[in-house]
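To start, the structure under review is shown below, and the notes come after it.
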Amino acid sequence: MATENLVTEQFQLLGIDVEKEVLTKCVSLCEDFDVDAETFIEQWMAFSLNYLNSAPPTLENLDAFTRKEFSKRASSRTNAAAKEASVSITGSSLTVYGTPISIQSDNNVLSNYMTATPKRVKLETEAISTPQNELHPATYSPTTGRSLKYSSRPNPGSVVHSYGEEKQLELFSRTNDLNDLSNLNIVQISNDVGDLYTKAMFGFEMLQEKASIFDSHITYLSKCIMKKADITESTSTRHKTQIVVTVAGRIECDADARLNPKSVVLQGTWEESLSQAVPVDIDNVKQYSLFPGQVVVMRGINPRGDQFIAHEILSDASKPVPDPKADMMNTLEGTLSMVMAAGPYTTSDNMTYEPLKDFITYIGTHRPHVVIMTGPFMDVEHSKIKDNSMAETYKSYFEKLIDNLAELNTTSPYTKIYIVSSLKDVFHVNIYPTPPYSTRRKYHNIHFLPDPCTLNINGVVVGLTSTDVLMNISQEEISFGPVGDKLSRLCAHVVQQQCWAPLWPPPAAQPCDAALWAAHAHLPCTPHLMLLPSNFRYFVKEVYGCVMVNPEHLTKGLGGGTFARVLIAGGSRPSEFISAQIIRI
């Protein structure tokens, strides 16, 4: 509603002083023709520039302005509704669905001052009545409505997998309260130089710099492996010898296809081997699990200097799990409730985000202390994004989704939401490690994190990523002998290599910046809890003293998926104080 103060403010922004009686006339016109102060001033400035040579508003000028600009509007008001329902638009037209009515009036105002007649854009609201909190973007095609397969999913809210002691699992049934915890302190662990995420020009790296980065990585990790195995010396990969020696390097593939037992190559360090590579014969190795990019230490012989015959392969450089009570001033007092979910958050046939709304309802009902959400929120491979049918920017719609999450502040005011970015999001940068999301608004209960990252929650270290590390390694790994179950073995690679992305070269869909990889893709320690979302079936396992959680995805194609809820209490080992359940959405 227009007032004298609003009209005065709009004129002052344009450097125009207006008399009192003119202000009163302007307010009266705004009320008569149902326009706000900003729109009225915009129309007046256009009229003044075109017909009055930028003259200031007077009573006489306002009368002329009214006759010129609002006469057509007043005469057409009576039959506007009938025209909207029955008019037949000829020629080329473009219809936008799911747009608020206020945008329609703005479009009509702008069209009055166009010198040429452009392609007409007709904005329509959905014919189907929907709730006020309905989530869907403005599109150039009618929305498909709800997913029938998701709506008819079996057993929503049921527990499909549990991990932990029975007494602690019973605590999942109660509603959480702020009194469960005191002095909750959550911080992101920085890298060795104190950075949470390094600002960089993605991809601007010299080959010499990349070579130096990887050589330093091989040198450091091989020394960690040798220290754990009580090995003191190593030699060049090309050193001729018929006695058993130790060599260190990185696994590479000497073939255009994926790695196989006959294409294993070991690249040495610059200091010991001048970065030379040597083919490796692994027929005599009793057990192994190898993939490109893995740093290993081998024991064997090299009779002619052109092929290393391996007898044993070592790859364990894992760091110890820290004591959660090492810092007596920052220990967990009480029981921490945590919920974890991985994107995508809508089914593959629409953009209505029904699973996300159900997830928000669950959070509002159970009120966990911490919620971890990993991207993607708007998957670049989604059918509704690939067909370019959205009539608004991807970023603006993402911010609508975050606004809906922020409304949890009313139903669950003490819940802290941490969102991990994903390079699969269409509105975000396509680089790994991925910087955190950003929005124009700031939310006190929502925090954005890079991918990957590590949190310290009152001494409990939690590792987070949105990348499917397990599937990436699985597609390139070869194994032989008694190497344990596949999922535990894949999880162990992440801990053993102290790295969130040990596979090199990375998959084509994961463009990686070597400098950022060196700065942010390595584990500061072995976490107590690690979130590893994957296309593999959901699981919760303890590997190297770390509880690995794969909640799978909140949606799977046209249907619903799963998410995880975790309880963290007092204890010395993660298996003693961490319990988890996998829930159907």
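The values are calculated or read from the model by the stated rules, or taken from the named source; none is laboratory data. None of these values were measured; they are calculated from a predicted model. Here Cβ is always computed from backbone atoms with ideal geometry, including for glycine, and neighbour counts include all displayed protein chains. Areas reflect the complete protein model, heavy atoms only, side chains present, ligands, DNA and RNA absent. Shrake-Rupley method; radii C 1.70, N 1.55, O 1.52, S 1.80 Å.
Take the conditions in a loop (DSSP other than H, G, I, E, B), small (Gly, Ala, Ser) and open to solvent by 10 Å² or more (accessible area, probe 1.4 Å) and apply them to residue 326. Does it pass? So residue 326 passes the test.
In segment 448-476, of all residues being out of contact with any strand residue (DSSP E or B) (no Cβ under 8 Å at 6 or more places or on another chain) and not charged (D, E, K, R), the one that is farthest from residue 516 (Cα to Cα) corresponds to 459.
Just give me the residues in segment 2-36 being polar (S, T, N, Q) and open to solvent by 100 Å² or more (accessible area, probe 1.4 Å), in sequence order. Once the filter is applied, which keeps residues that are polar (S, T, N, Q) and open to solvent by 100 Å² or more (accessible area, probe 1.4 Å), segment 2-36 yields 5, 12. Applying the condition of being surrounded by fewer than 18 Cβ atoms within 10 Å (Cβ to Cβ) and polar (S, T, N, Q) to segment 349-375 and asking which residue is nearest to the chain's Cα centre (by Cα) yields 361. Just so you know, in segment 398-416 the residues that are modelled with pLDDT of 90 or more and in contact with a Phe, Trp or Tyr (Cβ under 9 Å, 6 or more places away or on another chain) include one that is most open to solvent (accessible area, probe 1.4 Å), and it is 403. The residues in segment 473-484 that are open to solvent by 20 Å² or more (accessible area, probe 1.4 Å) and over 13 Å from residue 288 (Cα atoms) can be counted, and the count is 2.
Considering the conditions (1) within 23 Å of residue 428 (Cβ to Cβ); (2) in contact (Cβ under 8 Å) with a residue 12 or more places away in the chain; (3) of a type outside the set (Phe, Trp, Tyr), residue 543 is excluded by exactly one of them, (1).
Among residues belonging to segment 414-468 that are polar (S, T, N, Q) and not in a loop (DSSP other than H, G, I, E, B), point out the one that is farthest from the chain's Cα centre (by Cα). Give the derivation first.
To start, the set of residues in segment 414-468 that are polar (S, T, N, Q) comprises 415, 421-422, 430, 434, 438-439, 445, 454, 456, 458, 465-467.
This time we only want the ones that are not in a loop (DSSP other than H, G, I, E, B), so: 434, 454, 456.
On the way: 434: 9, 454: 15, 456: 20 Å.
Here the residue is 456.
Could you tell me whether residue 436 is open to solvent by 10 Å² or more (accessible area, probe 1.4 Å) and touching a Leu at 6+ places or on another chain (Cβ under 6 Å)? Considered against the rule, which asks whether it is open to solvent by 10 Å² or more (accessible area, probe 1.4 Å) and touching a Leu at 6+ places or on another chain (Cβ under 6 Å), residue 436 comes out as yes. Out of all the residues in segment 329-346, which are part of a loop (DSSP other than H, G, I, E, B) and surrounded by fewer than 24 Cβ atoms within 10 Å (Cβ to Cβ)? Selection gives 329, 330, 331, 332, 333, 335.
Here are some residues: 5, 108. Which one is at pLDDT 80 or above and either part of a helix (DSSP H, G or I) or over 42 Å from the mean Cα position of the chain (by Cα) (or both)?
Numbers: 108 fails: at pLDDT 80 or above.
Being at pLDDT 80 or above and either part of a helix (DSSP H, G or I) or over 42 Å from the mean Cα position of the chain (by Cα) (or both) holds for just one of 5, 108, which is 5.
Does segment 488-503 include one or more residues that are part of a loop (DSSP other than H, G, I, E, B) and within 21 Å of residue 379 (Cα to Cα)? Yes, segment 488-503 contains at least one residue that is part of a loop (DSSP other than H, G, I, E, B) and within 21 Å of residue 379 (Cα to Cα). Only a single criterion out of (1) touching a strand residue (DSSP E or B) at 6+ places or on another chain (Cβ under 7 Å); (2) modelled with pLDDT under 95; (3) assigned to a loop (DSSP other than H, G, I, E, B); (4) not polar (S, T, N, Q) is not satisfied by residue 363, namely (3). For segment 461-472, a residue qualifies if it is surrounded by fewer than 22 Cβ atoms within 10 Å (Cβ to Cβ) and either free of Cβ contacts under 8 Å to residues at least 40 places away in the same chain or touching a Pro at 6+ places or on another chain (Cβ under 6 Å) (or both), and exactly one does: 472. Assess whether residue 47 counts as being at pLDDT below 85, surrounded by 17 or more Cβ atoms within 10 Å (Cβ to Cβ), part of a helix (DSSP H, G or I) and over 44 Å from the mean Cα position of the chain (by Cα). For residue 47, the condition - at pLDDT below 85, surrounded by 17 or more Cβ atoms within 10 Å (Cβ to Cβ), part of a helix (DSSP H, G or I) and over 44 Å from the mean Cα position of the chain (by Cα) - is met.
You will find that of 479, 579, the residue that is closer than 28 Å to residue 168 by Cα, in contact with a strand residue (DSSP E or B) (Cβ under 6 Å, 6 or more places away or on another chain) and small (Gly, Ala, Ser) is 579 and no other.
Keeping to segment 264-318, report how many residues are open to solvent by less than 60 Å² (accessible area, probe 1.4 Å) and part of a loop (DSSP other than H, G, I, E, B). Even if it seems obvious, please write down each step before you answer.
Let us first name the residues in segment 264-318 that are open to solvent by less than 60 Å² (accessible area, probe 1.4 Å), namely 264-269, 273, 275, 277-282, 285, 288-298, 300-303, 305, 308-310, 313-318.
Narrowing the set further to residues that are part of a loop (DSSP other than H, G, I, E, B) leaves 268-269, 275, 282, 285, 291-294, 303, 305, 315-318.
Looking only at that region, the number is 15.
Would you mind stating whether residue 145 is at pLDDT below 80, small (Gly, Ala, Ser) and within 30 Å of residue 555 (Cβ to Cβ)? Break it down stepwise before answering.
On the way: at pLDDT below 80: yes; small (Gly, Ala, Ser): yes; within 30 Å of residue 555 (Cβ to Cβ): yes.
Yes: the conditions hold for residue 145.
Highlighted here are the helices (runs of 4 or more DSSP H) found entirely within segment 147-234 that include at least 3 residues which are among the small types (Gly, Ala, Ser) and open to solvent by 50 Å² or more (accessible area, probe 1.4 Å): 207-228. Taking the conditions exactly as written (among the hydrophobic types (A, V, I, L, M, F, W, C), closer than 15 Å to residue 220 by Cα and out of contact with any helix residue (DSSP H, G or I) (no Cβ under 8 Å at 6 or more places or on another chain)), does residue 519 satisfy them or not? In short, yes.
Of the residues that sit in segment 376-396 and are β-branched (Val, Ile, Thr) and part of a loop (DSSP other than H, G, I, E, B), which one is nearest to the chain's Cα centre (by Cα)? Per the criteria, the residue is 380.
Let's see how each residue does on (1) of a type in the set (S, T, N, Q); (2) at pLDDT 70 or above; (3) surrounded by 15 or more Cβ atoms within 10 Å (Cβ to Cβ):
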| residue | (1), (2), (3) |
| --- | --- |
| 39 | yes, yes, yes |
| 54 | yes, yes, no |
| 64 | no, yes, no |
| 67 | no, yes, no |
| 71 | yes, no, no |
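Going through (1) over 26 Å from residue 263 (Cβ atoms); (2) among the β-branched types (Val, Ile, Thr); (3) open to solvent by 20 Å² or more (accessible area, probe 1.4 Å) one by one, residue 566 falls short only on (3). Within segment 513-562, can you find the residues that are part of a loop (DSSP other than H, G, I, E, B), among the charged types (D, E, K, R) and open to solvent by 10 Å² or more (accessible area, probe 1.4 Å)? 537, 552 - these are the residues of segment 513-562 that are part of a loop (DSSP other than H, G, I, E, B), among the charged types (D, E, K, R) and open to solvent by 10 Å² or more (accessible area, probe 1.4 Å).
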